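Asker: This is the structure I have questions about; it appears just below.
The values are calculated or read from the model by the stated rules, or taken from the named source; none is laboratory data. Since the structure is predicted, the reported quantities are computational estimates derived from the model, not experimental observations. Counting neighbours? That spans all protein chains shown, and the Cβs are built from the backbone with ideal geometry, glycine included. Please note that ligands, DNA and RNA were not included when accessible areas were found on the heavy atoms of the full protein model with its side chains. Shrake-Rupley method; radii C 1.70, N 1.55, O 1.52, S 1.80 Å.
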Amino acid sequence: MTVPITWPGGKRFAFSVFDDTDLSAPGNFEAIYDLLGSLGFRTTKSVWPATGEDLQPRGPHGSTCDDAEYLQTVLRLQKSGFEIGYHNSYFEGLPRARVEEALDRFRFLFGNYPSSMANHAESGEGMYWGYDRVSGVPKALYRTIMRRFGANPHCGHIPGSPHFWGDLCLQRIRYVRNFVFGEIDTLSACPMMPYYDPARPYVHAWYAASNAQILPTCLKLLSERNQDRLEESGGACIVYTHFGSGFQEGHKVDERFERLMRRIARKEGWFVPVTTLLDHISSTRGLVTLTATQRRRLEWRWFAHKLVAGRT
Ligand SMILES: [Zn+2]
């Protein structure tokens, strides 16, 4: 079984956020990060680093790193200790050469290749995404329920596809998110994370997250009861969310979200970026290689959550 994890500095639990960049644009996310920063949180904010005049730097999907005003804020966040993560190169899948260029641009802008990423749901670059997130029976059921009978449109991991970049992902990115669960303690839902899955060899290691996709889901996940539960369990929470989806109105952070974040900030938690958290776990016990039994359990568990929660 997996080795129990303790947290640095005698902290009682760990807490992080991977913020998918969709919808984030100047004016709708800065106050969230001001609040998180002032409360001592250092979490992970993702970006789309693809560049080119044919791409939209700011639009209904959100901003890319070609939006100078947005980029300035992201660089400021990085300087103050937030991690910058990767959310595929852009909101639509780009060809391999442009994915490679986007990763190089990420390194140019932020000093390193991204160490953590999450697939953007609609991207053709998705790494083992769509029905390839799961195997065997859950995969067959997923395809039937979602009516996805054709070829997988997410083909970052499929050699020969124009979007294939699996080799680059393996070389350059340490942690990729797959499963999302309803429990606040992500580590108890997925005790083997970060793990290597031999059935998905283009990913160095996978992590899971807790579902807080939009504001109402986030308020539910971070309820007082759940916060206390996380503290008691001594586990780790990695929140999956979109801070650009209405957490901030004008310059003001949603009051309910602010109250909950202030409350958890008063607890003895380790509030670090996703990569710091996962590095700590893997340096404590090494990287777990997923067994077929563990994979089956994890996939069924996710599938059950997905039936209830919808898009995760
Ligand atoms: Zn996304």
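Asker: Return the whole-Å distance between the Cα centroid of the range 111-161 and the Cα centroid of the range 67-89.
Answerer: Taking the Cα centre of each part, the range 111-161 and the range 67-89 sit 26 Å apart.
Asker: With a cut-off of 8 Å between alpha carbons and a minimum separation of six or more residues, what is the relative contact order of the range 138-275 in percent?
Answerer: Relative CO of the range 138-275 lands at 19 percent.
Asker: Where does the chain land at 222 nm, in deg cm²/dmol rounded to the nearest 500, when only DSSP H runs of n ≥ 4 count, each adding -39500 (n - 2.57), divided by all residues?
Answerer: -11000 deg cm²/dmol
Asker: Between residue 112 and residue 171, how many nm apart are label points set 7 Å from Cα along the C-beta direction?
Answerer: 1.9
Asker: Residue 68 versus residue 188, label points 7 Å from Cα toward the beta carbon: distance in nm?
Answerer: 5.0
Asker: Please identify every one of the chymotrypsin sites (Phe, Trp or Tyr not before Pro) in the range 144-188 that sits in a loop by DSSP and has no more than 10 other beta carbons within 10 Å of its own beta carbon.
Answerer: 149
Asker: Hey, any idea what % of the chain's accessible area is carbon plus sulfur with a 1.4 Å probe?
Answerer: 54
Asker: How many percent of all Cα-Cα pairs in the chain sit more than 29 Å apart?
Answerer: Result for the distance tail: 32 percent.
Asker: Could you give the length gained by full extension between residue 300 and residue 219, i.e. 0.36 nm per residue of separation minus their alpha carbon distance, to one decimal place?
Answerer: 26.6 nm
Asker: Once fully extended, how much extra length lies between residue 97 and residue 144, figured as 0.36 nm per residue of separation less the alpha-carbon to alpha-carbon distance?
Answerer: Residue separation times 0.36 nm, minus the Cα-Cα distance, leaves 13.6 nm.
Asker: Given a 1.4 angstrom probe, what's the average accessible area per residue across the range 105-242, in square angstrom?
Answerer: For the range 105-242, the per-residue accessible area is 36 Å².
Asker: Considering only protein heavy atoms, with the full assembly of protein chains and a 1.4 angstrom probe, order 266, 143 by accessible area, largest first.
Answerer: From most accessible down to least: 266, 143.
Asker: On average over all directions, what projected area in square nanometres does the range 194-257 have, based on the convex hull of its Cα atoms?
Answerer: Reported value for the Cα convex hull: 6.0 nm².
Asker: Can you tell me the mean projection area, over all orientations, of the convex hull of the range 1-159's alpha carbons? Units nm², please.
Answerer: 12.7
Asker: Hey, in the GNM for the chain with a 10 angstrom Cα cutoff, which one of 49, 201, 114 fluctuates hardest?
Answerer: In the Gaussian network model the winner is 201.
Asker: What does the accessible area per residue of the range 1-104 come to in Å², with a 1.4 Å probe and no ligands, DNA or RNA counted?
Answerer: Here the per-residue accessible area is 39 Å².
Asker: Something else about it: Rounded, prolate or oblate: pick one for the range 158-267, where a ≥ b ≥ c are the square roots of the eigenvalues of its C-alpha gyration tensor, a/c under 1.5 means rounded, and failing that, prolate if a/b is larger than b/c, else oblate.
Answerer: The shape class here is oblate.
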